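Following: one structure in structure tokens, then a few remarks.
The numbers here are math on the coordinates, done by the rules we state, and not lab data. Note that the coordinates shown come from a computational prediction; the quantities given were computed from them, not determined experimentally. So basically every Cβ, Gly included, is an ideal-geometry build from the backbone, and we count neighbours across all protein chains shown.
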Amino acid sequence: MAARIKRHRSERPKNWVTYEEPRRLARLAGTLPAGHDFIIIDCLTLFVSNMMHAKESPEIIEKETISAIAALKKRKGCSAIVSNEVGLGIVPDTKLGRKFRDIAGRINKIAAERSDRMVFMISGIPLRIK
């Protein structure tokens, strides 16, 4: 995982400002300094994993997601939220895997409902949903 993180960081443009916040997205979105004209949250599925690892309830995860999106909408400029679709594959055989898939699916639905635009990427090809 450390090697993947290092690779992702090296692939970012040098002028990007990066904030790493594993669980408190709403607080971060609400306190970013002015001047950021485009914000990328990458990614909601990792956020769900972090919240579950911290033993947060599905309700708290949903509340944090809703608050983060509301904070982003109050800002000037644009934002993008990246997430992974987790419901198209096989049903996980573990209870934890099924719980993760269910929570991530609800969080993706919340983000889609509250977003002005949604694009589903398949093999790098964008499919505009709304």
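Worth a mention:
- Measuring r between the beta carbons of Asn84 and Arg27 and using R0 = 22 Å, the FRET efficiency lands at 0.40.
- Among Val48, Val17, Val119, the largest mean-square fluctuation in a Gaussian network model of the chain, built with springs joining Cα atoms closer than 10 Å, belongs to Val17.
- Theoretical gain in end-to-end length, Ile66 to Arg117 [0.36 nm per residue, Cα-Cα removed]: 16.8 nm
- In loop segments of segment 18-92 as defined by DSSP, the trypsin sites (Lys or Arg not before Pro) with at most 11 further C-beta atoms inside 10 Å of their C-beta are Lys55, Lys76.
- Seen from Pro92, the other residues with C-beta closer than 12 Å to its C-beta sum to a net charge of +2, counting Lys and Arg as +1 and Asp and Glu as -1.
- At an R0 of 25 angstrom, the distance between the Cβ atoms of Leu127 and His8 translates into a FRET efficiency of 0.55.
- Rounded, prolate or oblate (a/c below 1.5 giving rounded, otherwise prolate when a/b exceeds b/c) for segment 80-130 by Cα gyration tensor: oblate
- In this label model, Asp102 and Asn50 are separated by 2.5 nm, measuring between points 7 Å along each Cα→Cβ vector.
- Estimated from helical segments only, the mean residue ellipticity of the chain at 222 nm is -15500 deg cm²/dmol, where each DSSP H run of four or more residues counts as -39500 (n - 2.57).
- Hits among lysines - C-alpha to C-alpha of Lys130 under 28 Å, sequence gap 8 or more where chains match: Lys63, Lys73, Lys74, Lys76, Lys99, Lys109
- One Cα centroid belongs to segment 37-84, the other to segment 86-120; the line between them spans 13 Å.
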